Amino acid sequence: MDGLKKLLFVGMLAATLSGCGAGKSSKAGRSGPPEPLAFGYERRGDFIHFEGRGGHAMTNTRIDTPPRKLVLGYSLSGKKRIRVARSVDAATFKPLSEEYSKDQNMVYYKSRSTGYFLVVELPDADVETFQALNMHYATDKNTIWYMDREIKGSDPATVQVIDNNVVKDQNRVYVAGQQKKGLDVATFEWMESGYYRDVKHVYWGTKVVVGADPKTFEVVGGSFIGKDEDDLFRSGIPLPDIDRETFKFILHDPYGYQVISDANGVYLNGLRFLHADPADFRMLDSRVGSGGKYLFLVDTYHATPLTLYPEGDVWMAETILYDRETEQALAIFHAEADPSGMKNVTLSAPPGEAEPLPVPDWQLRVIQRPELLYVIQDAIDLFEEGRNTE
């Protein structure tokens, strides 16, 4: 960096820190015993502390004295010029939500990332009428707020909360604070999970679910699975290989996977469990199912449907390996699931193919990783315990 550039940078740094009020607060006052407030805040005499998730290492929890490096990083990261909450009136401070708060003079917004938080002033917000709608949205008499900025042209008098990330007024729908065009505002609604609809379409997030009928569409089990009168969908993508008439919903797990069945088989996110008979399939827990001599394991690492079964004194592992983008079946993986590693690995032709297709090396490494063998052994133990108690 030459001398002129260095001088300019130092000047910008000094101006930023000065304008943002970074570093130690000049506010004098008394401390006091903790008085718990809502959403992780505490009043301690004349100061407000944040003790909730995201505190900066819990070494400096006063909201008016953030570290200089944190303020500088926030200011130079492309965000607008900020004003640190340096003159908080502790006596009238009131948390409104996870992120919004106010006192008799000012409204505040708390930005968080892992291990850090920063409370900034919203000087253009009307204190008297300001109210939080949820974590990300708020209103005052003049506008709708998204995080720390106003949504220009919005109508706070007619705002309706759709979910944490979506609101609408009488004229527009806003997703992450931005107007989403092309939606029918009057009929736009959240259904469940990531599904929305209006009179024209069903949406997964902001994308149209092509072919879905908004009149008959419903979300199944609060999961990523949806159906209308004719078709099934997962995360907004059609499941053409699942029989709609005999479809059954089995499980939705917080990891984000679903187990379903039809008259022809049992599936993980639409991918088939080999040898699974829907007539006698049952889940032993959220990751392990069984039917006859077979054990079925959800490998959550890449949502792989793994089938296990005893052959003499060893347990065999089988699964169809799919292309992760197109979900085309590439090969059937077959191996002995020995605790020391997968042995005698073979790849055979998947259904509909005369021979196996090329499988990426990374996919073969994943299915043979040591951690999976521990999970397989736990599943076998669970299976054996169930058989011994029957």
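The values are calculated or read from the model by the stated rules, or taken from the named source; none is laboratory data. Note that the structure is a prediction, hence the values are computed from the model and not measured. Quick reminder, even Gly has a Cβ in these numbers, built from the backbone with ideal geometry, and neighbours come from all protein chains shown.
So the check is Cβ under 6 Å with 6+ separation or different chains; which pairs have a first residue in segment 263-289 that's outside the structural domain of THR326 (by TED's automatic domain parsing) and over 16 Å from ALA329 (Cα atoms) and a second one that's part of a loop (DSSP other than H, G, I, E, B) and hydroxyl-bearing (Ser, Thr, Tyr)? If the second residue must be part of a loop (DSSP other than H, G, I, E, B) and hydroxyl-bearing (Ser, Thr, Tyr), no pairs are left.
Within segment 229-242, residues that are within 17 Å of GLN328 (Cα to Cα) reach partners that are hydrophobic (A, V, I, L, M, F, W, C) with beta carbons closer than 7 Å, at six or more positions or on different chains, in the pairs ARG234/PHE224; ARG234/ILE225; LEU239/LEU232; LEU239/PHE233; ILE242/LEU232; ILE242/ILE260. Within the option set ALA354, ALA276, ALA317, ALA335, being under 29 Å from ASP231 (Cα atoms) and either among the small types (Gly, Ala, Ser) or modelled with pLDDT of 95 or more (or both) holds for one residue only, ALA276. Condition first: in contact with a strand residue (DSSP E or B) (Cβ under 6 Å, 6 or more places away or on another chain) and of a type outside the set (D, E, K, R). Now tell me which residues in segment 236-248 satisfy that. Of everything in segment 236-248, those that are in contact with a strand residue (DSSP E or B) (Cβ under 6 Å, 6 or more places away or on another chain) and of a type outside the set (D, E, K, R) turn out to be GLY236, LEU239, ILE242, THR246, PHE247. For segment 114-145, the candidate set comprises residues that are more than 18 Å from ALA85 (Cα to Cα), among the hydroxyl-bearing types (Ser, Thr, Tyr) and touching a residue at least 24 places away in the same chain (Cβ under 8 Å); within that set, the residue that is surrounded by the fewest Cβ atoms within 10 Å (Cβ to Cβ) is THR114. Out of ILE242, ILE237, ILE225, one residue alone is among the hydrophobic types (A, V, I, L, M, F, W, C), touching a Lys or Arg at 6+ places or on another chain (Cβ under 8 Å) and closer than 29 Å to ALA317 by Cβ. It is ILE225. Among the conditions (1) modelled with pLDDT of 80 or more; (2) small (Gly, Ala, Ser); (3) part of a loop (DSSP other than H, G, I, E, B); (4) crowded, with 20+ Cβ neighbours inside 10 Å, the only one that ALA22 does not satisfy is (1).
Counting the residues of segment 73-89 that are modelled with pLDDT of 95 or more and buried (at least 18 other Cβ atoms within 10 Å of the Cβ) gives 1. Any chance segment 318-334 includes a residue that's assigned to a helix (DSSP H, G or I) and surrounded by fewer than 12 Cβ atoms within 10 Å (Cβ to Cβ)? There is no residue in segment 318-334 that is assigned to a helix (DSSP H, G or I) and surrounded by fewer than 12 Cβ atoms within 10 Å (Cβ to Cβ).
Just name the residue that is surrounded by the fewest Cβ atoms within 10 Å (Cβ to Cβ) out of those in segment 290-317 that are without any contact (Cβ under 8 Å) to a residue 60 or more places away in the chain and within 28 Å of the chain's Cα centre (by Cα). Per the criteria, the residue is THR300. Within segment 181-197, the set of residues being in contact (Cβ under 8 Å) with a residue 24 or more places away in the chain and more than 15 Å from GLN160 (Cα to Cα) comprises GLU192, SER193, GLY194, TYR195. Residue count for segment 343-364, restricted to those that are surrounded by fewer than 14 Cβ atoms within 10 Å (Cβ to Cβ) and farther than 16 Å from LEU274 by Cα: 8.
Filtering segment 125-147 to residues that are in a loop (DSSP other than H, G, I, E, B) and touching a Ser or Thr at 6+ places or on another chain (Cβ under 7 Å) leaves LEU133, ASN134, MET135, ASP140, LYS141, THR143. Scanning segment 208-222 for residues that are within 23 Å of the chain's Cα centre (by Cα) and modelled with pLDDT of 95 or more, we see that the one that is surrounded by the most Cβ atoms within 10 Å (Cβ to Cβ) is VAL209. Looking across segment 277-334 at every residue that is in contact with a strand residue (DSSP E or B) (Cβ under 7 Å, 6 or more places away or on another chain) and β-branched (Val, Ile, Thr), the one that is farthest from SER261 (Cα to Cα) is identified as VAL314.
Filter segment 59-72 for residues that are at pLDDT below 85 and farther than 15 Å from SER113 by Cβ and give the result.
Within segment 59-72, the first condition is being at pLDDT below 85, and the residues that meet it are 59-60, 67-72.
Within segment 59-72, THR59, ASN60, ARG68 qualify.
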